[in-house]
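The values are calculated or read from the model by the stated rules, or taken from the named source; none is laboratory data. All of these numbers come straight from a predicted model, not from anything done at the bench. Because the Cβ atoms are built from the backbone with ideal geometry, glycine has one as well, and the counts that use them run over all protein chains shown. These accessible areas exclude ligands, DNA and RNA; they are computed on the full protein's heavy atoms, side chains included. Shrake-Rupley method; radii C 1.70, N 1.55, O 1.52, S 1.80 Å.
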Amino acid sequence: MQRKESEILEFKESFGEWQEIIQALCGFANKNGGTVIVGFNDNGEPTNLQIGKNMIEEFVNKLKTYTDPVLYPSINVKTFALGEIVEIQIPKSDNKPVFAFGRAYIRVGKNTLQLSATEIRELAKKYENPEYDKQKIKISIKNIEFDEKLIQSLNKKFFQYDKTSSINDILNQLMLIKDNKLLNAGYLCFVKENKLFPNATIKVARFKGNTALHFIDMKNINSNLINATDEVINFIKRHINMEVLVTENPQHIDKWDYPLPAIREAVINAIVHRDYTDAGNIQIRIFDNSLEIWSPGYLPKEIDINNLEQTNRSIPRNKLIANIFFKINYIEQWGTGLLKIIHYCKDFGLQAPQFLRVQGAFVIKLFKKNKNGELNGELN
């Protein structure tokens, strides 16, 4: 192990220096990335640190509170000498400048220095990037295999451009091509099979019991986002129960474990609004007593996760993707999606869903009634 502080390594004796630790991580993120090791003094000697209960969790919460954009480091606790050390690694940020406590820092040699206003402007200009779904695909559009049947079908039903329009013409009309390059939104929504973005693969699984340990069935869905919506819902329907209710009416009623409109709303919310710059995947976890939809990235900071039982304004992270889903009537762009999920569950006789922030993901958890008609369960 390297024992000297450098441009990519910083030592801190304990989490009592949490502000300096956050500043160092900010400095690394604005440069080439780096590691803070908590449990060493400036000479690289162990301080026999003892990790108290909730110490790591409390630090992560402070990191989320005081960095913008929020930093998500890799944190590893190791036994060392007579105590422990904590390695906190952060890669260089693709979204510079990163701020800590309202100020921007950068690593220079062994020091973490505050950037001046001029330096911040220069850094922002250097690393300014368009929004993810507006970025251009690097490969030629000629080498992309589109789902032409889907595009023509949607054009006929929703877009209603000229019937003789080619695929490129339709994509141009939808503003999904720029400088003869396809944008990420066009690729993700209309490609036949996603081969470029592994993190856009949607992972669905049915687990045994109520913990994510033993798989009964699992699938990776690599189709375009529009087709993936139905594929995910069909997988869920195969692994939840459906009761046929016979009434006095000629038609019977299908009663599922969960309201299908709530499931569809939650799945579409994850697909449209997830953070595609995050390396993680959307995960659908089906358990005996609950269903969880994990979406990389948190809600916009303007939306209070503890006050979702009201209409919130629409703040789409992926504006082009959201616009496509709006055009095909999958979303309304009124900020009512999460509120709808709450009401669907309530009208179905279920307890309210849980909305949680877990390890950089926004999680929607739906509960079903157990054999005794009771509801229970914690996040798995």
request  = Quick one: check the C-alpha center-to-center distance for the range 82-145 versus the range 333-355, whole angstrom.
outcome  = 36
request  = Indicate the gyration tensor shape class of the range 258-297 (rounded, prolate or oblate), computed on the Cα atoms with a ≥ b ≥ c the square roots of the eigenvalues: a/c under 1.5 is rounded; otherwise a/b larger than b/c is prolate and the rest oblate.
outcome  = oblate
key: Per-residue HN-Hα couplings for the range 267-280 [Karplus 6.51, -1.76, 1.60; θ = phi - 60°; Hz; x = Gly/Pro]   = 5, 5, 4, 5, 5, 7, 10, 5, 8, 7, 7, 7, 6, x
ask   = If you stretched the chain out fully between residue 108 and residue 13, how much longer would it get, using 0.36 nm times the residue separation minus the C-alpha to C-alpha distance?
value = 32.1 nm
task = Pop out the ³J(HN,Hα) list for the range 214-228 in order, Karplus 6.51 cos²θ - 1.76 cosθ + 1.60 with θ = phi - 60°, rounded to Hz; leave Gly and Pro as x.
result = 10, 7, 9, 7, 8, 7, 9, 9, 10, 6, 5, 4, 5, 5, 4
ask   = For the range 59-185, which whole-number percentage of the solvent-accessible area (1.4 Å probe, protein heavy atoms only) is attributable to carbon and sulfur atoms?
value = 47
request  = For the range 215-366, just say rounded, prolate or oblate: build the C-alpha gyration tensor, square-root its eigenvalues into a ≥ b ≥ c, call rounded for a/c under 1.5, and beyond that prolate if a/b exceeds b/c, oblate if not.
outcome  = prolate
key: Percent breakdown of C-alpha pair distances by 10 Å bin, ordered from the shortest bin, for the range 1-146   = 11, 38, 28, 14, 7, 2, 0
query = Using the Karplus equation 6.51 cos²θ - 1.76 cosθ + 1.60 (θ = phi - 60°), what ³J(HN,Hα) coupling, rounded to whole Hz, does each residue of the range 70-75 give in order, writing x for Gly and Pro?
reply = 4, 8, 10, x, 8, 10
remark   = Of 102-113, 355-366, 31-42, ordering from highest average Cβ density within 10 Å down gives 31-42, 355-366, 102-113
note = Over the range 37-147, with neighbouring protein chains present, the accessible area per residue in Å² at probe 1.4 Å is 61
message = Within the range 307-321, list the residues whose amide N lies under 17 Å from a label point set 7 Å along Cα→Cβ of residue 301.
response = 315-317
message = Taking all protein chains in place and a 1.4 Å probe, what share, in percent, of the accessible surface of the range 236-355 do carbon and sulfur account for?
response = 48
request  = Please list the non-local residues whose amide H lies under 5 Å from the amide H of residue 297, H modeled 1.01 Å from N, same-chain partners needing a gap of 5 or more.
outcome  = 275, 361, 362
query = For mean projected area of the Cα convex hull in nm², which listed value, (1) 19.6; (2) 24.0; (3) 17.6, comes from the coordinates shown?
reply = (2)
